[in-house]
Structure formats: C-alpha cells, structure tokens
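Since the structure comes first, as structure tokens, the remarks are kept for the end.
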Amino acid sequence: MDEVVFRTSQKVDDIQFHIKLAADEGKNVILHFSEKVKGMMFSFFNNPKYSHLLQLLKNAGAVVLGLHRECKEYIIVHSKSLLRCLLKLLGKNFSTRDILIGSAGLIIGGVIGFVLSYAIPRNQNVLRCMQAIQCIRYSGIEAVVLVEDALGNRECGKNEVLVNVKAASLNTVDLAICKGYGSLIRKAMAKVYKNSYELPITLGRDCTGIVVDIGRNVNRLEVGDEVWLTAPFWASGTMTEYIVAPEYKVSLKPKTIGFEGAASLPYSGSTVLSVLRKIDITSQNANTKTVFVHGGCSAMGCILVQILIAWGAKVTTSCYSRATPVAKALGVNDIIGLSPLPTNDHYFTEKNYSLLRQELHCREKFDAIVTTTTCELTNQELLEFCKSSGKLASTLPQLLRSDTSIFPMRSIYSLYFQVHGYMQKIFIGTINGFGEDAVCHHTLDELRSLVESGKVQTVVDRVFQPYDIEHAFNHIESVDSIGSTVITFR
C-alpha cells in the first residue's frame, strides 16, 4: 500500500512539474508574440510608404465618427418622430416592437453577410494534375512517393510567377521533413493559406526552371526568363512540374551554368550566406579569420569552403578520406580525413571522435566553427577549439520546440503560428519569419554574382530521374555522397 501511495505521489509530482513547465513555456511564447506584434505595428505605423494611407484612414475615421455622432444626436432628439413616420408608412399592421425587431434583424443579417463574404474565397484557384514527389506521412523515406496526378496550382496571383521546373536538389532538410520536421508550423500555415495543406507535402526546397506566366504586379521577371528559387521548410516544395512562387523568392539564375548545376545552389547557398552573416564573416573581414568547417564536402560544405577561400579566410575542413581530392580541388589545403565507414558503427564513431579531437588540438584556435554534417563532438566540445570571441554555427536543420511539445503547448504554439502568419500577411504582405530570413531574391542575387565571377563552382554528385527518388534519398544518406544530389524533370 505504501508503495502505491509513493508511486501515486510521484505521478502527481510529475504532472505538476509538466503543468508548470507548460505554463512557463506558454508565458514565454505569449511574451515573445506580444513583442513581435508591437514591433510589426511600430514598423508599419512608422513606414513612410504607409504615411499617406494612414492619413487617409485617419480622415475617413474622423468623417465616420462625425456622421455617427450626428446620426446618434438626431435619432435621440427625433426618435419619436421617426417611429411615427415609419408606422404611418408601414400601416396599422405594424407596431413599434415590430419595427425594432426588424431593425435588429437587418443589422445582425448585414454583419453576418459581411463576415461570410470575407471568409468565403471569391476566386478559387483551379487545381490541375501534374507530376510531383511527395511525402504522404511523417514516417521517413518509405513515405515518399512519385505522384503522376498530384493536384497543383497553375494560376498566378498579382505578385506571383509560374515556373516550369527543370531540376531540383535534394537536401538534408527534406529528410527531416519526411520525419515530421516543422509539422506544427506547416499545419498552422495551411490554415492561413486556404489553398494549402499539411499532407501530402511536395518535397524540395529549391529548383531551377523557366517562367511561363507572371502576375500583373511582377516587374523584375518576364515570361521566358531562366530562374532559380527557394521555398521555406514549412511550405509546399519544388519537386513538381510547375510551381507558383512569390516574386521575392525568385531570381534570374546564372547564365554560366545549366539547370541541373544551378539547382544544386539556391537553398544550400542561401543557408550558407545566412550562417556567415550570423557569425559576422563578410568579404571585408574574412581575410583575418580562421574557420573550421566540419563536413567540407557536403552540399553546403562545398559552397561554404569556396566562399570563405574566395574571401581570403584560412580554412580547415574535415571530410571522409574518399572526398579529400574534391576538398583539394575546391582550394582547401588543411584537411582532416575521417573514416569512410558508417558512423552508426560505435567503433568507427569513437575512432573519428578521437581523431578529430587530436587533430584539432594540434591547430590554433579558430575564429569560427561551422558544422554542415552531424559531428562526433558536442557543441560544448567544439567550443573548446574556438577563440574566446569565436562563434559556433550549423547549417543543419535546427530542433524546433514545437515539434517535441506536449498537448497544452502544441495548442499554444499552433495559435501563435497562425496569428503570427496572419499578422505578417496583413502588415507585411508575406510570411517569412520562421528562421528562413535568407529565403529571398536578394540572397539569390548575391549567390548569382559569386557564381558568375567564378568564386563558386557547382559540385553535383549524382543526377536522378523522379522515378528514382528512393535511390536518391538512400544516396544522400550514405557516406558515398559528395556535394549535391539533383532530381531532373527534363
């Protein structure tokens, strides 16, 4: 009996702890959201572009308030006269009570009609069948299928472009999405975008293609332009025959490379440039920096080491032994060769762990360390090899608290994401605030200039057809993968 009481008290303590934890997290989310709302409202009301609109709204508000005040005063003073006129007009069959109930009905009906007209979409996009690579449930790569008749939108909004996709790259974030990465944000955004849905989700975070249609407000692009684009992790992806994308996420692709080569760069390159900004490395100060890149021959690692070397930084990288010639060809002189055997083998994991620590101890401390693949050392251990002012960063998908939260917090997070999305859509016009600030044409333009100036070259390991998507996923998970893996739709 005592043991039962003891275990029951333990369970109660656990429940109390989780409730307190959920309450604290909820409080933090609400505070964070309120600060974001304040910031958006402040930026909106202080934006010179909207000053004329705000003045018009103020003037309109003053006119409406004035009319309301005058009508109210007139009705109060002449209410009996108005009722007598209405009774005389309607006849003896109507009483004062009938008129009041009828007026209330008109007001309530008008409000309901206005709400319904706003809520029901007036122009539904026509969905058409097309080929797409989709994830149908969050259970890993076995849930990835090639759908020949997937429904997709081919009609542009006023600020959108329709692109005929020629090639798309396969990234580590696609693997994470197949296992549920960002599922709660995706579900919330599906409610913000009425034509969107959580599952099935089209994979692919970038692509290259040709513009076949543009919205009436699009002015940077024209029909026939060869472009590349990126998509945030929570949105529908690019591995499909046609994709409709906002203009600000699309840019002209480099003229010096083809569709398959260019497809290897947009998402990986944008992520790399974003990480470099976070650790304060630019083309102006890179020549004074020493940087260690773990996984220098991964899709993002190949781009990262090329940019750092082009900017004059001193780069050390680690990679599997078979990838050493590629690292040398990219311009890296200081290379740590790791065991090429699977890292899930405990013996070889320990071997690489010891080798990496030993090699890093032999070198001076770094200004920055960037991991582009899973590292045998923990973040705390990597910081030992950074200078006191050094910084640690990763290009891998970061853990989202919303993905691991329990029931009460999931509801709070979901509400937060929806309100956050609606607020951005209303005040900014786009939704771009879930850790993917680099997903825009400005970053793609910067990347294009690096390619066209010869500072960044493409490293494409394998090109697969859509029906070989399972082999493509198995390839990027293997230690044989070097550089980018691309799916061609040509």
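Some values worked out for this structure:
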item	result
Sole residue being within 22 Å of Gln131 (Cα to Cα) and surrounded by 23 or more Cβ atoms within 10 Å (Cβ to Cβ), chosen from Ser268, Ser236	Ser236
In the range 361-412, residue nearest to the chain's Cα centre (by Cα) [restricted to those that are assigned to a helix (DSSP H, G or I) and basic (Lys, Arg)]	Arg401
Sole exception among (1) buried (at least 19 other Cβ atoms within 10 Å of the Cβ); (2) without any contact (Cβ under 8 Å) to a residue 24 or more places away in the chain for Leu383, by number	(1)
Elements of type strands (runs of 3 or more DSSP E) contained in the range 221-290, each with 3 or more residues being within 29 Å of Ser183 (Cα to Cα), of a type outside the set (Gly, Ala, Ser) and within 23 Å of the chain's Cα centre (by Cα)	226-230, 242-246
Scan of the range 314-329 for residues that are buried (at least 22 other Cβ atoms within 10 Å of the Cβ) and closer than 21 Å to Val451 by Cα, ordered by number	Val315, Ala327
Odd one out for Val293 among (1) crowded, with 20+ Cβ neighbours inside 10 Å; (2) β-branched (Val, Ile, Thr); (3) over 18 Å from Leu382 (Cβ atoms)	(3)
Neighbours by Cβ (under 6 Å, 6+ apart or cross-chain): first from the range 297-309, free of Cβ contacts under 8 Å to residues at least 24 places away in the same chain; second surrounded by fewer than 24 Cβ atoms within 10 Å (Cβ to Cβ)	Ile309/Gly331
Residues within the range 293-313 that are part of a helix (DSSP H, G or I), of a type in the set (A, V, I, L, M, F, W, C) and closer than 17 Å to Ser270 by Cα, tallied	9
Pairs, first in the same structural domain as Ile336 (by TED's automatic domain parsing) and under 19 Å from Leu396 (Cβ atoms) in the range 348-374, second at pLDDT below 90 and in a loop (DSSP other than H, G, I, E, B), C-beta under 7 Å, six or more apart	Thr349/Thr343; Thr349/Glu376; Asn352/Ser339; Asn352/Thr343; Asn352/Glu376; Tyr353/Glu376; Leu356/Glu376
Matching residues, the range 260-311, being charged (D, E, K, R) and closer than 19 Å to Ser484 by Cα	Glu260
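The values are calculated or read from the model by the stated rules, or taken from the named source; none is laboratory data. The structure displayed is predicted, hence computed values, not measured ones. Note: ideal-geometry Cβ built from the backbone for every residue, glycine included; neighbour counts use all protein chains shown.
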